[in-house]
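The values are calculated or read from the model by the stated rules, or taken from the named source; none is laboratory data. This is a predicted model, so every value here is computed, not measured. Every residue, glycine as well, gets a Cβ built from its backbone with ideal geometry; the counts of neighbours run over all protein chains shown.
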Amino acid sequence: MAPPRWTSAEQLMWLQNEVSTYLQMQKEKKLVRFFELLYPKWFRSENSPDDNDTSIDQSSLDLDAAVNEIIAELDHENAIIPISDVEKQSNLDAELAEVLKDAIKHRHKKLQEWFRNNTKGKTRPGRTLMSKVLSTMLGQRARGTRDLKEVKVYSQLHYESKVKPLVSDDIRENKLALPDQRLHAVRHHTSECFAKESEDVKDGVRIETQHINAARKLGSVAVGNDRTKEEIYRAIQELPIVLGQIFKELSTLTGGWHYSLVMGGPDPLCEGDIMTLSYHHGKTPDGLSFKVSTPNFHEQYLLPFERHLDHIYGLQLIYE
């Protein structure tokens with residue numbers, strides 16, 4: 001299992017937007033200067049982690065919380081204190097100064113590691129094409145090279161008949177309202193059901209897994225036809241990251257245009273429900289997006305779109 005992410009989706013998108021600058025300054029041998037400029041921007045309030053993002057490593061929240069709390073003690077809103085200046089703060093006692101110093105050092109290290117790990121093999125800033133962004137961020141490239149696991153194939157074969165009833169009961173009995181709670185229920189019951197299956201069933205799944213993986217390597221399985229509910233949900237979660245990259249490039253190409261997008265479709269984890277999202281690129285001089293600056297945005301824009309989607313998917317259900 002992959003370790004918990006130490007960034008929120010917004011932080012990840014912010015870091016990815018800095019990659020081209022990193023590569024350019026790396027080429028110019030100015031990485032020290034790059035990080036000198038990056039660190040203060042990172043600690044500003046708009047990049048603080050979201051406490052409600054359950055996929056973020058808790059230690060990340062604790063470290064950033066320590067920095068923010070001590071900065072608040074100084075009564076300087078959005079203040080940034082470089083490590084070299086910690087000792088100069090006369091109104092910080094020695095213990096607080098040491099906590100702040102350690103927290104900032106740790107975050108600096110994490111940022112440096114992130115750029116090293118996420119720029120391997122990249123030598124030119126700005127070479128990422130939109131198709132590459134889409135395939136990378138939504139997992140198509142990875143799905144074309146990595147083998148499916150047996151439990152995932154088991155889910156494809158038996159989710160509706162064996163797993164779904166247990167998930168539905170769990171959601172109803174425990175009132176699981178949050179998407180991550182439902183996703184956890186899907187994972188838990190799928191793994192549990194697979195573990196309890198007879199050896200005959202497991203052998204069948206194993207054979208099917210080998211067949212699918214061999215076919216995928218030969219390119220005979222159409223991309224998208226074998227996506228699980230979990231994969232679809234994860235792709236939806238990553239949409240803000242992908243769209244951030246796309247609209248940043250589009251804004252540059254179109255001379256600074258702003259973009260607002262509404263999107264939606266069936267909820268992959270809750271059959272019969274419709275999900276809607278909106279994404280907005282560009283802000284007013286006051287820092288407000290179109291959504292934030294528009295009263296009753298949901299009622300004016302998302303509700304009509306939801307009704308439109310209900311009509312589309314409602315008709316599909318009728319004809320199915």
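All conditions in (1) farther than 28 Å from His281 by Cα; (2) modelled with pLDDT of 85 or more; (3) out of contact with any helix residue (DSSP H, G or I) (no Cβ under 6 Å at 6 or more places or on another chain) hold for Met263, with the sole exception of (1). The selection criterion, being over 30 Å from Trp6 (Cβ atoms), modelled with pLDDT under 90 and in contact with a Cys (Cβ under 9 Å, 6 or more places away or on another chain), does not hold for His211. Taken as a whole, the structure leaves Glu46 outside the set of residues that are of a type in the set (Asp, Glu), at pLDDT 80 or above, surrounded by fewer than 16 Cβ atoms within 10 Å (Cβ to Cβ) and not assigned by TED's automatic domain parsing to the domain that holds Tyr279. Scanning the stretch 173-214 for residues being more than 26 Å from the chain's Cα centre (by Cα) and small (Gly, Ala, Ser) gives a total of 4. Determine, yes or no, whether Met25 is exposed (fewer than 13 other Cβ atoms within 10 Å of the Cβ) and either modelled with pLDDT of 85 or more or not in a helix (DSSP H, G or I) (or both). No. Can you name every residue in the stretch 264-297 that is of a type outside the set (A, V, I, L, M, F, W, C), over 26 Å from Glu249 (Cα atoms) and surrounded by 13 or more Cβ atoms within 10 Å (Cβ to Cβ)? Correct list: Pro266, Asp267, Pro268. The set of residues in the stretch 261-286 that are of a type in the set (Ser, Thr, Tyr) and in a loop (DSSP other than H, G, I, E, B) contains only Thr284.
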